[in-house]
Amino acid sequence: MSQQVSTTVSATATKEILKESARRRTFAVISHPDAGKSTLTEALALHARVIGTAGATNGKENRRETVSDWMQMEKDRGISISSTALQFAYRDTVINLLDTPGHADFSEDTYRVLAAVDCAVMLVDAAKGLETQTMKLFEVCRARNLPIITVINKWDRPGLDPLALMDEITERTGLAPMPLTWAIGIAGDFRGVWDLQKDEYVHFERQNSGASLAKEEHFTPEQALEREGDAWTDSLDEAELVIDGREFDRDAFLDAKATPILFSSAALNFGVKQILDALVDLAPSAGPREDKDGGLRPVEAPFSGFVFKVQAGMNRAHRDHVAFIRVCSGIFERGMVVTHSNTGKTFATKYAQHLFGREREVIDQAYPGDVVGLVNASALRVGDSLYVEEPVEYPPIPFFSPEHFRVARSQDPSRYKQFRRGIDQLEHEGIIQVLRSDRRGDQAPVLAAVGPMQFEVVEDRMTQDFNAPMRYEQLSYSLARLTSAGAAEILSNVHGAEVLVRTDGAFVAVFNDIWALRRVEKNHPEVPLAVIGTESPNSRGY
Ligand code: G4P
């Protein structure tokens, strides 16, 4: 049921919004740690010439200096906990690359970023294929029906057979691979790519150990054969087996049924321009967005957006709180007065910033697809909607399935009130999920996280911001499923399982391991056990 949005946006502004949103490509890279996400980010930025030589954004060796100093522990570890957005112009588009934190800082935020993008680049290490974290992120993309471009990276190093990689992608993701480029030369002998759209051979030449653009030369297929001999024909034969006579089908990509394939060496800057071109030519632009009731808010409607991430304590000196907003419609202008859909209250967006790494730039205008960081908008929570004029509420961002569980206790019983307030606040900010049960009582809530780093953030904030030092008790659970009230009693007698209640009232069954879960599935088929988080928000009955 589509809802009519009356707009007071002028005809000139409408034209501008339509033009600007059509230019936006907003995406994230999903990958397993070490597949080359940071290297690719640098290489993409280098191609778009936002930085002089690769390494200036967040290269490994510079990382300690270039990452934000938002939290002391972040500084100590030399990693970036916070999702940030890199914006750059390429050809006639504006590209927004949202960071998905990896490594130990993997958390619910990593998943939430995927609610704010229109497309994902799945980066696969040629030697490793699809790894666990990639698959977890892929599942979230699948639930959102996000179009996915697949990049096989590190082709300059020995790796798997390309056809075996294609089989793995088909089998594990269900997406049909559609080569856009195909590597010439086996993994470890990366000479260039066959650009299937242009039917030409792009030969790459390594420059200055990848710190600057690779030299590209273009050849016809005949010239390629002469130059590369068997390497050319062998690669073409492989690619043709994958294509199997089918035409490249952009709709299948947009419908998340097929995935364009490209080959790269992010470290040597090989094949990176082709990734940018695929984003410009194939990836969806910022389009109308579905609201909570299934209506569509057109991009040219008055400003609206939603919060996909909240970062507090980014700057100890200023105690700031930044809410990251994905703009969905209209023009965001700094200083504009927006309405917070949850409270109906209005506030002025005086401090709007664009953040990437250490850089903070004041932002004056943003269009659909862009990300704005609102500073000190402390009422904003993950999933909240903002709008001007015509109200809109976007679907909440779903909870994701936690895999780490700890009991939290106040270190000092006399500070229990502060402890409770702190836990409630951090839960409200979306930093941690809180599960409770009568048996455990309120003094000992179970904190549930997607990544263990979330616990450290809670501990740090509890001490610094709420003056309520706390301690943890480890729990051996590692799996959660949504269940019903009736399951609590049944599972109370099962070893390695327990039922807890989430703050939204949902009953969450937790299990030590997959075997404990399987035992319950077998012995108590009447107990509902639904996977959490990979369902689309609307299907959860909000
Ligand atoms: P991540 O953000 O996904 O965790 O990966 P990151 O870019 O940090 O890359 C992980 C390692 O893989 C780095 O090596 C990086 O140089 C290397 N790498 C990334 N892309 C490529 C590629 O296309 N080819 C090759 N051969 N290597 C690649 P490192 O040894 O951990 O760090 P460094 O000292 O090389 O910077």
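The values are calculated or read from the model by the stated rules, or taken from the named source; none is laboratory data. Everything numeric in this text was worked out from a predicted model, so none of it was measured. Note that each Cβ is placed from the backbone with ideal geometry, even for glycine, and that neighbours are counted across all protein chains shown. Accessible surface is based on the protein model in full, side chains and every heavy atom, while ligands, DNA and RNA are left aside. Shrake-Rupley method; radii C 1.70, N 1.55, O 1.52, S 1.80 Å.
In a DSSP loop and with at most 11 other Cβ atoms within 10 Å, there are no GluC sites (Glu not before Pro) in the range 210-244.
Applying 0.36 nm per residue to the separation of Ala506 and Lys292 and subtracting their alpha-carbon distance, the gain on full extension is 75.1 nm.
Checking the Cα-Cα distances for Lys37/Lys522; Lys19/Lys292; Lys15/Lys154; Lys19/Lys198; Lys198/Lys309 against a 32 Å cut-off, the pairs over it are Lys37/Lys522; Lys15/Lys154; Lys198/Lys309.
Database remark: amide H of Glu300 closer than 5 angstrom to the amide H of Gly330 (H placed geometrically; neighbours at sequence offset of 5 or more, or on other chains; Pro and chain starts carry no H).
When Val494, Val337 are compared by accessible area at a 1.4 angstrom probe, the order from most to least is Val337, Val494.
What you get for the range 404-531, charging only the Cβ of Lys and Arg (+1) and of Asp and Glu (-1), is a dipole of about 200 debye around the Cα centre. For the listed peptides 516-524, 23-31, a ranking on the average number of other beta carbons within 10 Å per residue, highest first, reads 23-31, 516-524.
Once backbone amide H atoms are built at 1.01 Å from N, Arg24 has Val94, Ala286 as its partners under 5 Å, excluding neighbours fewer than 5 places away on the same chain. Coordinate range of the alpha-carbon atoms in the range 404-531 per principal axis, descending: 46, 25, 23 Å. With a Förster radius of 25 Å applied to the beta-carbon distance between Ala22 and Glu333, the computed FRET efficiency rounds to 0.80. In this structure, Arg471 and Phe347 have a Cβ-Cβ separation that, at R0 = 30 Å, corresponds to a calculated FRET efficiency of about 0.20.
Of the chymotrypsin sites (Phe, Trp or Tyr not before Pro) in the range 164-227, not one is in a loop by DSSP (not H, G, I, E or B) with at most 14 other beta carbons within 10 Å. Ranked by the mean number of other Cβ atoms within 10 Å of their residues, highest first, the peptides 241-251, 495-505 fall in the order 495-505, 241-251.
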